[in-house]
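Novice: One structure is given below, represented as structure tokens, and several questions about it will come after.
The values are calculated or read from the model by the stated rules, or taken from the named source; none is laboratory data. Worth saying up front: this structure is predicted, and the values here are computed from it rather than measured. We place every Cβ from the backbone using ideal geometry, glycine too, and count neighbours over all the protein chains shown.
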Amino acid sequence: MQDKFYADNRDLVKWAILLAEIYHAHRILQLAFYRPSEFANVVIGGTEQDIPSEVLAHFRDLRKIEKLNSTIQVTVFYDLFENRDSYLEAIKGFLLNFQEERCVVFLDPDTGLEPQNPNMTHVLESETKSIWDTMDSEDVFVLYQHQTNMAGQPWIEPKRKQLENALGLDENSIKIAHGPQIARDVVFFYAPKP
């Protein structure tokens, strides 16, 4: 996730879904797949100025969610996502710190599960499986998925099936949560780990 996407309509849907009591979780572990954004300057009287750091900290710091006043605690895995292998190992170590709590393990890449030609905006199938295997039973797996095409072709069901296959789950094991009247271009796939 990049800073520039924080606090948009998708985040309203995201956190409404994640904080739902249906998961019976004590904590949400947001695996942010964090890549910092570069912000353009503003022009004041013909002179370019950087956006002040306190403005960025207020409007674009994805760690602010940890201060949310909720009965469910949120912890953000905020390591820089540069190298897939070392990032995955760090995630697995991070998850081990929360074995005594029932958690929602939330994968939050920029766009979701890998397409045919993935890049750093995606999470790989192998990464989802490795994270799933590291999770404790009764934890809940959640994946952010952005719309994969703009041509009006079905995209939700193919991605759901791709995720079920990647995790080795039975058909229709993965459920869908979304807020189509707020942000119709995203869904969240979720499944409790048996």
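Novice: What residue, among those in region 124-154 that are touching a residue at least 60 places away in the same chain (Cβ under 8 Å) and among the hydrophobic types (A, V, I, L, M, F, W, C), is farthest from Asn165 (Cα to Cα)?
Specialist: Taking the candidates together, the pick is Val140.
Novice: I'd like to check something: does region 62-72 contain any residue that is touching a Leu at 6+ places or on another chain (Cβ under 8 Å) and at pLDDT 95 or above?
Specialist: No, because not a single residue in region 62-72 is touching a Leu at 6+ places or on another chain (Cβ under 8 Å) and at pLDDT 95 or above.
Novice: In addition: When you look at Pro158, is it at pLDDT 95 or above, more than 16 Å from the chain's Cα centre (by Cα) and farther than 20 Å from Tyr34 by Cβ, yes or no?
Specialist: yes
Novice: Take Val13 and tell me if it is in a strand (DSSP E or B) and not small (Gly, Ala, Ser).
Specialist: In short, no.
Novice: Checking the condition of a type in the set (A, V, I, L, M, F, W, C) and in a loop (DSSP other than H, G, I, E, B), which residue from Phe94, Phe98, Phe141, Phe106 passes?
Specialist: Exactly one of Phe94, Phe98, Phe141, Phe106 is of a type in the set (A, V, I, L, M, F, W, C) and in a loop (DSSP other than H, G, I, E, B), namely Phe98.
Novice: Right, next: Do you know which residues across region 25-44 are at pLDDT 90 or above and in a loop (DSSP other than H, G, I, E, B)?
Specialist: Ala25, His26, Ala32, Phe33, listed by residue number.
Novice: Here is a follow-up. Could you grab the pairs with beta carbons closer than 7 Å, sequence gap of 6+ or different chains, first residue in region 98-123 and within 10 Å of Tyr144 (Cα to Cα), second one among the small types (Gly, Ala, Ser) and assigned to a loop (DSSP other than H, G, I, E, B)?
Specialist: Asp108/Ala32
Novice: Being of a type in the set (S, T, N, Q), over 26 Å from Pro118 (Cα atoms) and touching a His at 6+ places or on another chain (Cβ under 8 Å) is the requirement here; does Gln49 meet it?
Specialist: no
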